[in-house]
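**Q** One structure is given below, represented as structure tokens, and several questions about it will come after.
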Amino acid sequence: MGIGLQHFISPACVSVCAAVVLAASACGGSPALAHHLSSGCGDGRRIAITFDDGPHPPYTQQILDVVTSHGATATFFDEGEAVTAHPEIARAEVTAGAAVESHSFGHSPDLPSMSHEAFAEDLRRAELALREALGYTPALYRPPFGHTSNTMLEELHKAGYVSIGWDLDSRDWSDASVDEIVSSVLDHAHPGAIVLMHDGGLGGGNPDRSKTIAALPRVLDGLKAQGYTFATVPELTGQPAAQSPHATGAACSAN
């Protein structure tokens, strides 16, 4: 769920690497330096549509149908708990050409305050669920609510993940109308934007996602009319979608 782009990273953050990007766009830099990215490369008119909190029937499949019928692509940040319950939907996302990445195990609001050990265990459980369903280990992780901490970033980096936020909020999580969801995206679209939307239960709930589904065709058509093409988050940021089977974490380097 999104409640605004908030990244709680204290000035005292101790980096795993000496030269590390904590929050940045992904254009022209070394992917190995990224701890957190909130936007993609702004070269060219490409944009990434993302969906959080699934997979969740029946909404996820309806969203997939809209995305594919419009010749678009998307990224789904899936919860491990939901993937365990609906692995066939997660596999359908991959079959449709989407990128499927991690969104924690159960969307706990307590993740930023957890110890290293507790957060690492939640990350491991989510990773196991996605790997069992999809056959690979994701390389990207979206923090629930967009909230991060030094501990989370350090553990994500050690485990080979890059944290992914957003810089364009559709506000489909709020009481916004369909028209307001559409205008939130189209009025603020820019090259390299990562757009936040939802296909599942917000924070474990079971809301009606019909407004998102009603808005999505207009969002995709409107972005096309503005000259945008669609990319997955890995494509837009230059980050890998999956970790190498033998990966032990991103390498440290500086350019």
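The values are calculated or read from the model by the stated rules, or taken from the named source; none is laboratory data. Only a predicted model underlies this, so the values are computations on that prediction, with no experimental measurement involved. Because the Cβ atoms are built from the backbone with ideal geometry, glycine has one as well, and the counts that use them run over all protein chains shown. Protein only, heavy atoms only, side chains kept; ligands, DNA and RNA dropped before computing areas. Shrake-Rupley method; radii C 1.70, N 1.55, O 1.52, S 1.80 Å.
**Q** Consider G54 carefully, then state whether it is modelled with pLDDT under 50, under 16 Å from the mean Cα position of the chain (by Cα) and buried (at least 18 other Cβ atoms within 10 Å of the Cβ).
**A** Numbers: modelled with pLDDT under 50: no; under 16 Å from the mean Cα position of the chain (by Cα): yes; buried (at least 18 other Cβ atoms within 10 Å of the Cβ): yes.
Answer is no for this residue.
**Q** Let me ask something else. Please find, within the stretch 201-255, the residue that is modelled with the lowest pLDDT out of those that are closer than 20 Å to D65 by Cβ and among the acidic types (D, E).
**A** By that ranking, first place goes to D208.
**Q** Could you check how many residues of the stretch 96-137 are in contact (Cβ under 8 Å) with a residue 24 or more places away in the chain, over 18 Å from the mean Cα position of the chain (by Cα) and surrounded by fewer than 17 Cβ atoms within 10 Å (Cβ to Cβ)?
**A** So the count comes out to 4.
**Q** Sticking with this one: Given the residues M152, M197, which is the only one that is open to solvent by less than 10 Å² (accessible area, probe 1.4 Å), in contact (Cβ under 8 Å) with a residue 40 or more places away in the chain and farther than 19 Å from V66 by Cα? Full working, then the answer.
**A** Working: M197 fails: farther than 19 Å from V66 by Cα.
The conditions single out M152.
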